[in-house]
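*Asks:* The structure follows.
The values are calculated or read from the model by the stated rules, or taken from the named source; none is laboratory data. For clarity, every value in this text was computed on a predicted model and none was experimentally measured. Cβ placement follows ideal geometry from the backbone for every residue including glycine, while neighbour counts extend to all protein chains displayed.
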């Protein structure tokens with residue numbers, strides 16, 4: 001029955017007639033996934049436009065209330081299970097299935113999260129990535145990036161367990177042409193290399209402009225990576241051993257060098273942080289994490305707080321917002337507060353005095 005319906009539809013291209021026939025079949029609910037899987041399987045060895053028409057028929061049956069997203073996913077997984085057998089006649093069956101999934105996502109028949117769920121931990125790997133590839137090809141990268149980010153799918157969990165780490169994930173995504181989904185991962189990997197190659201503010205700013213979408217310039221993750229890269233570079237340039245850092249206060253020459261390096265990066269920091277209090281708070285958290293990772297070298301956090309303030313990289317409001325923020329997202333907050341508490345009290349007092357003077 002379903003085969004006849006699909007054959008007639010693909011030959012006549014009459015969608016209305018096909019939907020009417022499907023309604024007349026009055027298929028029981030438990031049969032719907034099987035009906036959809038037959039529509040998919042029947043079109044697999046036919047030309048691309050027929051596969052697209054089969055997708056359109058499925059989407060129309062959904063919009064007419066005849067089938068559900070769950071029915072589609074059951075059909076999709078059922079065809080997947082038949083793949084070893086189908087592959088003998090249709091070697092590219094998984095790529096074609098990925099097209100069906102991509103069109104279902106584009107038509108909002110299923111969400112990226114619904115598609116991802118049964119494919120977690122590398123189940124049928126790399127099918128999930130093929131689905132994303134097809135979506136980018138049939139729609140566009142920007143749309144897919146937005147939809148993927150909204151889905152909150154954990155990409156590492158979509159890989160086989162042995163590959164579930166950040167570096168391997170980026171490698172696999174680059175191999176599949178999907179690294180555009182994680183622009184900040186690329187930034188994290190490349191920015192420090194760029195700064196080391198040419199630490200001039202002009203060249204750093206140009207590289208960011210050329211490689212990072214303007215939409216991300218106000219992203220907290222971007223600011224975190226930017227500040228971390230600068231801090232790592234400065235600490236590497238001063239190349240003080242950890243043991244020395246812990247034991248003694250740095251020499252005057254070293255402090256001056258640290259200050260000059262920070263001053264050199266000031267234009268880039270100001271460019272992205274100016275007038276954005278919440279991003280300045282993110283910058284302070286990046287500093288907190290940096291100090292925590294190197295076991296809080298003597299006086300480092302306090303020096304940076306004072307330098308950021310004096311150089312007008314970070315404003316009073318952001319320092320106080322960081323102090324009041326109770327989020328436990330970043331390690332080392334308690335110890336950081338202890339180290340700069342006196343300075344923050346001074347800052348609040350100085351601010352109050354300034355406000356009073358202005359009022360007079």
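*Asks:* For region 57-64, state whether one or more residues are in contact with a helix residue (DSSP H, G or I) (Cβ under 7 Å, 6 or more places away or on another chain), modelled with pLDDT under 95 and surrounded by 20 or more Cβ atoms within 10 Å (Cβ to Cβ).
*Replies:* Within region 57-64 (the criterion being in contact with a helix residue (DSSP H, G or I) (Cβ under 7 Å, 6 or more places away or on another chain), modelled with pLDDT under 95 and surrounded by 20 or more Cβ atoms within 10 Å (Cβ to Cβ)), the answer is no, since none of the residues qualifies.
*Asks:* Still on this structure: Residues of region 199-215 being surrounded by fewer than 18 Cβ atoms within 10 Å (Cβ to Cβ) and at pLDDT below 90, which ones?
*Replies:* The answer is 211, 213, 215.
*Asks:* Anything in region 5-26 that is farther than 13 Å from residue 61 by Cβ and touching a residue at least 24 places away in the same chain (Cβ under 8 Å)? List them, or say none.
*Replies:* Those that are farther than 13 Å from residue 61 by Cβ and touching a residue at least 24 places away in the same chain (Cβ under 8 Å): 7, 10, 13.
*Asks:* Kindly indicate which of 232, 196 is in contact with a helix residue (DSSP H, G or I) (Cβ under 9 Å, 6 or more places away or on another chain), touching a residue at least 12 places away in the same chain (Cβ under 8 Å), surrounded by fewer than 18 Cβ atoms within 10 Å (Cβ to Cβ) and closer than 18 Å to residue 292 by Cβ.
*Replies:* Working: 196 fails: closer than 18 Å to residue 292 by Cβ.
Exactly one residue qualifies, and that residue is 232.
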